[in-house]
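So the structure is just underneath, and the comments pick up after that.
Just so it is clear, none of the values below were taken in a lab; they were calculated from the coordinates. None of the values given here were measured: they were computed from a predicted structure. All Cβ positions, glycine included, derive from the backbone under ideal geometry; neighbour counts span all protein chains shown.
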Amino acid sequence: MNFDLTDDRQMLQDSLRRYLADKYPVEHRNKVAYAEPFHDDAKWGELTELGALFALAPEDAGGMGGEGFDISVVFEELGRVICPEPVLGALMASRLMTAAGADQEALLSGATKYAVGLGELDAPYDLDGIATVARDGKLSGRKSLVYGGQAADVFLIAAKDGDALAVYEVQASDVSVTGYGLMDGAGAAEVVLEDAPGKLLLADAGAAIEDAVNAGIVALCSEAVGAMDVLHKMTVEYLGQRKQFGRPIGTFQVLQHRAVDMLTEIEQSRSIVIKAAAELGGPDASRYCSMAKNLIGRAGRLVAEEAIQMHGGIAMTWEYPGSHYAKRIIMIDAQLGDTDYHLSRVAAAA
Amino acid sequence: MDLNFTPEEEAFRQEVRDFFAENLPDDIRDAVKNGGELTKEIMERYHAILNKKGWLGTTWPKEFGGPGWGPVERHIFDEESCAAYAPRIVPFGLSMLGPVLQKFGSKEQQDYYLPRILNGDDWWCQGYSEPGAGSDLASLKTRAVRDGDEWVINGQKTWTTLGQHADWIFCLVRTDPDVKQQEGISFILVDMKTPGVEVRPIKLIEGGHEVNEVFFTDVRVPYKNLVGEENKGWTIAKYLLTHERTGIAGVGFSMLELEEVKALAKKITRNGKPLSEDPLFAARVAQAEIDLEAMKLTNLRMLFTAQKQGAPGPETSILKIKGTVINQELKDLRRRALGPSAAPFPGSLSGSNLDVAPEGHANNAARYFNNRKTSIFGGSNEIQRNILTKTMLGL
Ligand SMILES: Cc1cc2nc3c(=O)[nH]c(=O)nc-3n(C[C@H](O)[C@H](O)[C@H](O)COP(=O)(O)OP(=O)(O)OC[C@H]3O[C@@H](n4cnc5c(N)ncnc54)[C@H](O)[C@@H]3O)c2cc1C
């Protein structure tokens, strides 16, 4: 048994942490996360140079990692600075392209930005509900809340092709893209396809899509762990500094215990994410990813709400960094299946 | 034991319901439904509509131009105004300063300020909290020093809700720094146009502007702006705290919120089925409904006691705690029901005809985040528990 990171992953973590702490302070983050194009193109380039994207793909696909733990390392660091760069889309697209054996040099070098269109208005989480159709290489339908879609050059779109699910590569210039900013920073898009020309990437793509979603879940859960860890530390620090009634509020036992409950949930979160990351790519991946996403959904709500409450008014402000962490942690629940969706999946499989 | 309202009370309920049906303009109702920030114009227009009917000072006795309602009538009014999607009455002049002046103000102050509050001549805000004095309000530092027939005020208030619209601010200030904290505080009225008063906006978590910082630099106001006796401001603050308590559970708002959640869950489809048929979501809604049903009764029981005893007791802290928790849960459900469609920044899709949320729900995430304030302000839920520990448990 060994829960230490390998040397390579440790180096990746160190270099990402250093870079992001230096180049993505929260003031900068808020500036770019809430204004078009809802990320920072220059920083995107620098992150790629650091190998953040290469770490997401296996060697035979041109990358340098691609395992659950590689994904976890990258996204936990992104979560620590609530980074709005569209890395999730790159990860999920890379999984699909790896499955298809497609060349992904442009993706991994950051030159081309990818977003993945799965969810739809009436079926945000469940792939069975996809109504976008492909006929003779032309796609029609609407993909909703495509994360990173506002900045994407290329979309990978899941569509019904006859009875099967297929994935098509569609150029942003061939569809109508309405980009917008999000409550928790970063951007997304509504992508409307009307007989849009697509290049078939994967026919019969059900399993590959499931794997891409699982990878995305490991990423989001790791991001949440990073963000929760930082928010918890901020809270504890504040409890030590803020004085009311002539003493630090951290001396009130009721707040101490609640800060400990947050810690407990964060440790539990970390554990379930390690499990999900370890199982990624294996036969039980979906089950453990659902467990992780459910637990993170519950823990995230507790951590975010308790952090705000224990700070008092200050955490209700835009100016205080903690408020942005809380928003991101809460909104992660609505990406790739929420607490209830994944609970029902775990229950159904039991 | 009788859970029914009297026929008179039921008749009153009908009267209130009819009044809102006939007099609440559609644009105001829609603005409330959409849950964005209400403009000053809307709030003033709404106040004027109530004032015309004599229903604006809901807690005011007849002699001061109020309707002279008791707790039950106020409760019915609150429920019906919520159900009609009427705005919340802006509380600072009407349910905070008004009652204070009625109890502690001079005849001259009452004659001058009270009609102006009802007529909307003056918009008031509340200057209590300071950067260093939140839960521990008595530690406030803003200083007022007497200079002849004037006060000279220096210091800073913060979290001043809707101070950007205000003409006047009522402040707790330190007038004697050498005695026990609670014994050196006075209650003073300040015209916001006085030189030396500066208002700076605070942006809230969801991006809205409803609170402010207010700075005082050598602000001179007449001595007669003191309310009650010098250094007796803490008594007034405490009185206000008990007065703030009727309606503190926000039952009417939660009832409406529950209906909204249910209707929304029927509208949202997940893979061809309405969300209301998802057993896990339905269970969450049911749980909230059960808690709210009990809260309605808890609220009425405490109202009944207040009616009997003439004043609400310390157990009303239970209403604050549970009432805010239930309302926050309902706000969570509204956001949760939308799934990712709750994510767009408010307004970012309006006008694009690609809106992802059903009408009236585009602000659900913003509402959820903004509403976290309710367990923090007005005495945080932790402070309420401290109060209950002392008063109800005797520990
Ligand atoms: C949106 C908003 C609007 C507001 N509007 C107004 C307004 O119009 N006018 C005005 O004067 N004020 C207003 N307030 C201020 C509000 O009353 C204060 O935020 C509140 O009193 C809490 O103070 P604080 O924020 O300084 O938190 P703190 O007092 O610093 O509390 C931080 C945390 O410590 C906890 N805590 C503190 N003491 C204890 C204790 N003894 N035991 C256990 N836990 C404790 C608190 O419950 C909280 O969780 C507003 C606040 C907000 C957020």
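Here are the numbers for this structure:
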{"read-out": "Label point 7 Å beyond Cα of A:Lys199 along Cβ direction - residues of the range A:135-151 with amide nitrogen under 17 Å", "value": "A:137-139"}
{"read-out": "Protection-proxy order for peptides B:39-48, A:191-200, each taking the mean of Cβ atoms within 10 Å per residue, highest first", "value": "A:191-200, B:39-48"}
{"read-out": "Nonlocal amide H pairs with A:Ser176, under 5 Å, H built at 1.01 Å", "value": "A:Val192, A:Glu194"}
{"read-out": "Exercise: per-residue mean of other protein chain Cβ atoms within 10 Å, A:123-129", "value": "4"}
{"read-out": "In order through the range B:77-89: 3J(HN,Hα) via Karplus (6.51 cos²θ - 1.76 cosθ + 1.60), integer Hz, x for Gly, Pro", "value": "4, 4, 4, 6, 5, 5, 4, 8, 6, 7, x, 6, 5"}
{"read-out": "Estimated FRET transfer efficiency when R0 is 41 angstrom, pair B:Lys103-A:Ser271 (beta carbons, to 0.05)", "value": "0.10"}
{"read-out": "Residue mean of other protein chain beta carbons inside 10 Å, B:341-350", "value": "6"}
{"read-out": "Rounded tilt (10° steps) of B:7-23 against the dominant C-alpha axis of chain B", "value": "90"}
{"read-out": "Summed residue charge, Cβ within 10 Å of B:Pro87's Cβ, Lys/Arg positive, Asp/Glu negative", "value": "+3"}
{"read-out": "Two-site label geometry, B:Lys224 and A:Ala164: point separation in nm, points 7 Å out along Cα→Cβ", "value": "8.9"}
{"read-out": "Rounded Å value of the spacing that divides the Cα centres of the range A:279-325 and the range B:171-193", "value": "42"}
{"read-out": "Cβ-based exposure ranking for A:Thr98, A:Thr264, in which fewest neighbours within 10 Å come first", "value": "A:Thr264, A:Thr98"}
{"read-out": "Within the range A:298-346, GluC sites (Glu not before Pro) in DSSP loop having at most 14 other beta-carbon neighbours inside 10 Å", "value": "A:Glu319"}
{"read-out": "Rounded to whole Hz, the Karplus (6.51, -1.76, 1.60) HN-Hα couplings of the range B:356-368, x for glycine and proline", "value": "9, 9, x, 3, x, 10, 5, 9, 4, 5, 4, 4, 4"}
{"read-out": "Fewest-first sequence of B:Val145, A:Val177 by Cβ atoms within 10 Å of each Cβ", "value": "B:Val145, A:Val177"}
{"read-out": "Per-residue [θ]222 nm for chain B (sum of -39500 (n - 2.57) over DSSP H runs n ≥ 4, rounded to 500)", "value": "-14000 deg cm²/dmol"}
{"read-out": "Spin-label proximity, A:Lys243 to the range B:148-185 - amide N less than 16 Å from point 7 Å beyond Cα toward beta carbon", "value": "B:181"}
{"read-out": "Separation of the B:Lys238 and B:Glu315 label points, Cα + 7 Å toward Cβ, nm", "value": "2.2"}
{"read-out": "Ranked by how many other beta carbons lie within 10 Å on average, peptides A:136-144, B:353-361 from highest", "value": "A:136-144, B:353-361"}
{"read-out": "Cβ neighbours within 10 Å from other chains - mean over B:200-208", "value": "4"}
{"read-out": "Magnitude of the charge dipole, the range B:124-233, Cβ model with Lys/Arg +1 and Asp/Glu -1, debye to 20", "value": "80"}
{"read-out": "Part-to-part distance (alpha-carbon centres) for the range B:196-268 and the range B:335-359, which is given in Å", "value": "29"}
{"read-out": "A:Gln244 long-range amide H proximity, modeled H, under 5 Å", "value": "A:Ile249"}
{"read-out": "Cα centroid separation, the range A:142-186 to the range A:217-248 (Å)", "value": "34"}
{"read-out": "Sequence-distant residues sharing a close amide H with B:Ile205 (under 5 Å, placed H)", "value": "A:Thr317, A:Trp318"}
{"read-out": "Reach of B:Lys103 by Cα under 14 Å, taken over aspartates and glutamates that are not fewer than 8 positions away in the same chain", "value": "B:Glu63, B:Asp111, B:Glu229"}
{"read-out": "Residue exposure sequence - A:Phe245, B:Phe369 - by fewest surrounding Cβ within 10 Å", "value": "A:Phe245, B:Phe369"}
{"read-out": "Virtual spin-label span in nm between A:Met11 and A:Lys233, 7 Å along Cα→Cβ", "value": "2.4"}
{"read-out": "Estimated vicinal HN-Hα couplings, Hz - the range B:204-217 in sequence order (Karplus 6.51, -1.76, 1.60; Gly, Pro = x)", "value": "8, 3, 8, x, x, 10, 10, 10, 8, 9, 10, 9, 10, 10"}
{"read-out": "Relative contact order computed over the range B:78-199 (Cα-Cα under 8 Å; 6+ residues apart), in percent", "value": "20"}
